[in-house]
Amino acid sequence: MKIRKAVIVAAGLGTRMLPASKVIPKELLPVVDKPALQLVVEEAVASGIEQIILVLNPNRTLGLAHFQPASALESYLQQRGKNDMLEAVRQPTRLAQFVAVWQSEPLGLGHAVLQAREAVGDEPFAVILPDDIFDCERPCLQQLLDISGAATPSVALMRVAERDIPKYGIVAVRAVRPRLYELQGMVEKPRIELAPSDLAIVGRYVLTPDIFDLLAQAQPGAGGEIQLTDGLLALSKKRTMLGYEFEGIRYDLGDRLGYLTAQIGFGLKRPELADNLRVWLEMTLRADGPRGRG
Ligand code: G1P
C-alpha cells in the first residue's frame with residue numbers, strides 16, 4: 001500500500017522564535033526565499049505524498065493561505081509579464097491537495113496529530129514536523145518509506161550530543177543493520193542519566209492508523225502535554241517499529257543557531273548565491289581570526 005497523506009503539524013505558537021513569530025507563524029519564516037513549510041511540503045511530494053493535512057492554530061491560518069491562489073498578486077505579475085515571479089507564486093498551489101484541521105489549544109504534539117484523525121482515515125500516513133528541515137540526496141521521508149514501507153511504523157533518527165538529549169524523544173534500540181534499528185522503547189525529553197541511548201527522534205514519522213486510538217487514550221506526559229512519543233511507545237508494544245538514522249543534514253529551525261545555519265547551508269546550495277556568499281563568509285571569518293579586528 002502506498003502512503004498518500006502527510007500530516008504537517010504547524011499549530012505551535014513558535015515561542016522560541018519570538019519576536020519574529022509574533023504575527024507570522026514560524027513555519028512561514030523563510031529559508032533563503034521559501035517558507036520552511038513549503039520546503040517540507042516539497043519533501044513530502046518528492047516522497048510520493050499526494051495530500052497534505054495541515055494541523056493549524058485557528059488564529060494563525062496563514063500557513064494554508066500560502067498554498068492557495070493569490071489572485072490580485074497573480075494578475076499584477078501577469079499584467080507586467082513577470083513570469084518567473086508568477087510561477088514562484090503559483091507553484092505552491094500545485095504541489096498537492098491541501099486540507100486544514102485545527103488544534104485550538106496547545107495540548108501537545110500527540111494531541112495535534114490526533115486532530116488529523118478524520119482527515120487521515122484508516123490508512124498509514126506520514127507525520128512531518130516543519131521545525132526540522134533536511135538537506136538529503138534522497139528525501140528524508142523517502143528514506144523512511146524505503147526501509148519501512150507502509151505497514152511498519154518508523155521514525156527518523158539522529159545521534160545527538162549528550163547535552164542535547166533532554167530536547168528530544170530518545171529511543172532504546174536493537175541494531176538490525178547499519179543505520180537501521182528496531183525500536184524497543186522511547187522516552188520524551190529524558191534527563192541525560194535516564195536516556196536509553198544518544199539516538200534522537202527527528203521530525204519524520206511513518207505511522208499506522210492504530211496510533212489514533214492510543215493517542216486518544218494517552219495521558220499528559222513530559223511538560224504536561226499529550227506526547228506523540230508516548231503514543232509511539234504504546235504502538236511499539238503492539239507491533240514492530242523501525243528507526244532509521246537518515247543520511248543527510250538536518251537543521252533545527254526552532255532554534256536560533258539552527259535557523260541561521262539553515263540560511264547559510266541552503267544559501268550555499270543556490271548557484272546564483274553560492275559564490276558571493278562563500279566569499280563573504282571567508283572574508284568575515286578571516287576578519288574574525290587572531291590577526292583580525294584587533
Ligand atoms: C518534538 C518531539 C520529539 C522530537 C523532536 C524532534 O519535540 O516531541 O520527540 O525528538 O520534536 O525535533 P519538540 O521539538 O516539538 O519539543
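Quick rundown of the values:
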quantity: Burial ordering of Trp280, Trp102, fewest other beta-carbon atoms within 10 Å first; calculated: Trp280, Trp102
quantity: Placed amide H near Ile133: partners under 5 Å, 5+ positions off or other chain; calculated: Tyr251, Leu253
quantity: Stretch gain in nm, segment Glu123-Gln91, where the contour uses 0.36 nm per residue and the Cα spacing is subtracted; calculated: 8.7 nm
quantity: Overall form of segment 62-215 per C-alpha gyration tensor (a/c, 1.5; a/b vs b/c); calculated: prolate
quantity: Set Lys2/Lys269; Lys26/Lys238; Lys5/Lys82; Lys5/Lys26 screened for pairs whose C-alpha atoms are more than 29 Å apart; calculated: Lys2/Lys269; Lys26/Lys238; Lys5/Lys82
quantity: Ranked His111, His66, criterion: other C-beta atoms within 10 Å, fewest first; calculated: His66, His111
quantity: Full-extension gain in nm, Glu105 to Asp33, via 0.36 nm per residue minus C-alpha separation; calculated: 22.9 nm
quantity: Efficiency of FRET between Ala46 and Ala287 - r from beta-carbon atoms, R0 30 angstrom, step 0.05; calculated: 0.15
quantity: Lys, Arg +1 and Asp, Glu -1 on Cβ, resulting dipole of the chain about Cα centre, debye, nearest 20; calculated: 400 debye
quantity: Estimated FRET transfer efficiency when R0 is 35 angstrom, pair Ser75-Leu13 (beta carbons, to 0.05); calculated: 0.50
quantity: Ellipticity estimate at 222 nm from DSSP helix runs (n ≥ 4, -39,500 (n - 2.57)) divided over the chain, nearest 500; calculated: -10000 deg cm²/dmol
quantity: FRET efficiency for Glu182 and Leu277, using Cβ-Cβ distance with R0 set to 45 Å, rounded to 0.05; calculated: 0.60
quantity: Share antiparallel - DSSP beta bridges, the chain, percent rounded to 5; calculated: 60 percent
quantity: Calculated from backbone phi, Karplus (6.51, -1.76, 1.60) coupling profile of segment 177-189 in Hz, x at Gly/Pro; calculated: 7, x, 6, 10, 9, 9, 7, 10, x, 6, 9, 7, 6
quantity: Amide H within-cut-off set for Ile8, under 5 Å, with H built and near neighbours excluded; calculated: Ile53, Leu54, Val55, Ile128
quantity: Extended-chain gain in nm, criterion 0.36 nm per residue less alpha-carbon gap, Leu64 and Lys82; calculated: 4.0 nm
quantity: Gyration tensor (alpha-carbon) shape descriptor, the chain, a/c threshold 1.5; calculated: oblate
quantity: Phi to ³J(HN,Hα) by Karplus 6.51 cos²θ - 1.76 cosθ + 1.60 over segment 228-241, Hz, x for Gly, Pro; calculated: 4, 4, 5, x, 5, 4, 4, 5, 5, 7, 9, 8, 4, 10
quantity: Under 5 Å, built H, 5+ apart or other chain: amide partners of Gly185; calculated: Ala172
quantity: Hz values of 3J(HN,Hα) by residue in segment 113-120 - Karplus curve (6.51, -1.76, 1.60), Gly and Pro given as x; calculated: 5, 4, 5, 8, 3, 5, 5, 6
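Read-outs throughout are calculated quantities, based only on the coordinates presented, and are distinct from any laboratory measurement. It should be emphasised that the depicted structure is a prediction, and the values quoted were computed from it without experimental measurement. Please note: Cβ atoms are built from the backbone with ideal geometry, for glycine as well, and neighbour counts cover all protein chains shown.
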